[in-house]
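Taking it in order: structure first as structure tokens, then the write-up.
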Amino acid sequence: MLTGESTGMALPADFQFHQANLQDYVECQRRFQLRYLRHVAWPAVPGEKVLDNEKQMQLGDQFHHMVHQSFLGISSDDIVLAAKDENLQRWWSNYMQAMHGTLAGTTYPERTLAGRLQGYRLLAKYDFIAVLPGRKVTIYDWKTARRKMDRKRLAARLQTRAYMYLLVEVGAYLNAGQPIRPEQIELIYWFANYPDEPERFCYGEEQYRADHRYLAGLVQEIDAKGDGDFSSCTDDKVCGWCVYRSLCGQGTTLGDADDAGTELEPEGNADIAIDFEQIAEIEF
Ligand code: SF4
């Protein structure tokens, strides 16, 4: 396990890092500051695209809920009966054909893991983890975006890096008490609109160490900033879909999230809802 110490108390001591707020930071430091440090609630300018995006996120959320229900023992027929939207029905059919029955091992749907990095808590919320104790650990993440994000972008995302890193750090309790070695981990992104084109990422010691340096560096950098010196993004595409665009003088027209390289997923850029009872058992 790699460890590090806090460099100071510029952030609230109980500040929690996770893949979504770190992703916000690397996309736009200003957005991180507005959203997570100043808690600025800024309503999106109403419009057809906004409503469409909201609907897309709600459907994604529902799909995640449906998969979770199936692991709680609810029958597929009952689950799909409640799905009124045709996209949702199609995603479910794709899921049943491509994934159902393939998730071997001890399974952990909707898990949140918590570790510590540079003196702060680091969290990751996983859609699904399947463990073959002592052999292999597979992380599954369900994606419902209209367009499939390319592999290079996926590899660079904080989600990819934090998911695998944190599993090495604190995943032993899922693995019969044995530490999980990086080379035992695989991450699979499964796309509900592209069911036969999953993206698989294998982990290893070198990447784990690189991720530790990268994540610790980000936390350290943010910690050192306090509440000042958060630079604004200069990419129009990123600003174009950002909820703060009117506040930043970037216009009111909503851009295209796909063009911006972001994702309209239920967990995408929203703060993570944490079930502290669930993570209490793995706190250290
Ligand atoms: S509008 Fe652009 S500069 Fe402003 S917070 Fe959003 S991404 Fe950052």
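The values are calculated or read from the model by the stated rules, or taken from the named source; none is laboratory data. Here the structure is a predicted model, which means the values were calculated and not measured. Backbone-built Cβ (ideal geometry, glycine too); neighbour counts: all protein chains shown. Note: accessible area is taken over every heavy atom of the protein model, side chains too, but ligands, DNA and RNA are not part of it. Shrake-Rupley method; radii C 1.70, N 1.55, O 1.52, S 1.80 Å.
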Problem - First in region 92-107 and within 15 Å of residue 76 (Cβ to Cβ), second anywhere and among the hydrophobic types (A, V, I, L, M, F, W, C) and part of a loop (DSSP other than H, G, I, E, B), Cβ under 7 Å, 6 or more apart - result: 92/83; 94/192; 95/192
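Consider residue 2 carefully, then state whether it is at pLDDT 95 or above, farther than 29 Å from residue 248 by Cα and not in a helix (DSSP H, G or I).
Numbers: at pLDDT 95 or above: no; farther than 29 Å from residue 248 by Cα: yes; not in a helix (DSSP H, G or I): yes.
Judged against the criteria, residue 2 is not a match.
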Handout entry: Criterion: under 24 Å from residue 16 (Cα atoms) and either of a type in the set (Gly, Ala, Ser) or out of contact with any strand residue (DSSP E or B) (no Cβ under 9 Å at 6 or more places or on another chain) (or both) - qualifying residue of 226, 177
Key = 226
Handout entry: Residues being modelled with pLDDT under 95 and open to solvent by 50 Å² or more (accessible area, probe 1.4 Å) - total across region 137-151
Key = 4
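Restricting attention to region 221-244, report how many residues are touching a Gly at 6+ places or on another chain (Cβ under 8 Å) and either of a type in the set (A, V, I, L, M, F, W, C) or in contact (Cβ under 8 Å) with a residue 40 or more places away in the chain (or both). Outline the logic, then answer.
Pass one, region 221-244, residues touching a Gly at 6+ places or on another chain (Cβ under 8 Å): 223-224, 236-241.
Still in the list and also either of a type in the set (A, V, I, L, M, F, W, C) or in contact (Cβ under 8 Å) with a residue 40 or more places away in the chain (or both): 223-224, 238-239, 241.
Adding up the residues that qualify gives 5.
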Practice task
Could you list all residues from region 73-97 that are of a type in the set (Lys, Arg) and part of a helix (DSSP H, G or I)?
Solution key: 90
Exercise for the section: Can you tell me which residue within region 186-217, out of those that are over 17 Å from the mean Cα position of the chain (by Cα) and among the hydrophobic types (A, V, I, L, M, F, W, C), is farthest from residue 106 (Cα to Cα)? Expected result: 216
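Of the residues that sit in region 115-124 and are within 17 Å of the chain's Cα centre (by Cα) and surrounded by fewer than 21 Cβ atoms within 10 Å (Cβ to Cβ), which one is farthest from residue 65 (Cα to Cα)? I'd like the intermediate steps shown before the answer.
First pass over region 115-124, keeping only residues within 17 Å of the chain's Cα centre (by Cα): 115, 121-124.
If we keep only those that are surrounded by fewer than 21 Cβ atoms within 10 Å (Cβ to Cβ) as well, we get 121, 123.
Numbers: 121: 26, 123: 20 Å.
Filtering region 115-124 for residues that are within 17 Å of the chain's Cα centre (by Cα) and surrounded by fewer than 21 Cβ atoms within 10 Å (Cβ to Cβ), the one farthest from residue 65 (Cα to Cα) comes out as 121.
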Handout entry: Residue selected from region 215-236 under the condition part of a helix (DSSP H, G or I) and open to solvent by less than 70 Å² (accessible area, probe 1.4 Å), by the criterion farthest from residue 99 (Cα to Cα)
Key = 225
Completion exercise
From the option list 64, 68, single residue qualifying as in a helix (DSSP H, G or I), touching a residue at least 40 places away in the same chain (Cβ under 8 Å) and within 30 Å of residue 212 (Cα to Cα) is 64
Exercise for the section: Could you look through region 234-258, keep only residues that are within 23 Å of the chain's Cα centre (by Cα) and of a type in the set (Gly, Ala, Ser), and pick out the one that is modelled with the lowest pLDDT? Expected result: 257
Fill in the blank from the handout: Scanning region 126-135 for residues that are open to solvent by 70 Å² or more (accessible area, probe 1.4 Å) and under 14 Å from residue 108 (Cα atoms) gives 133
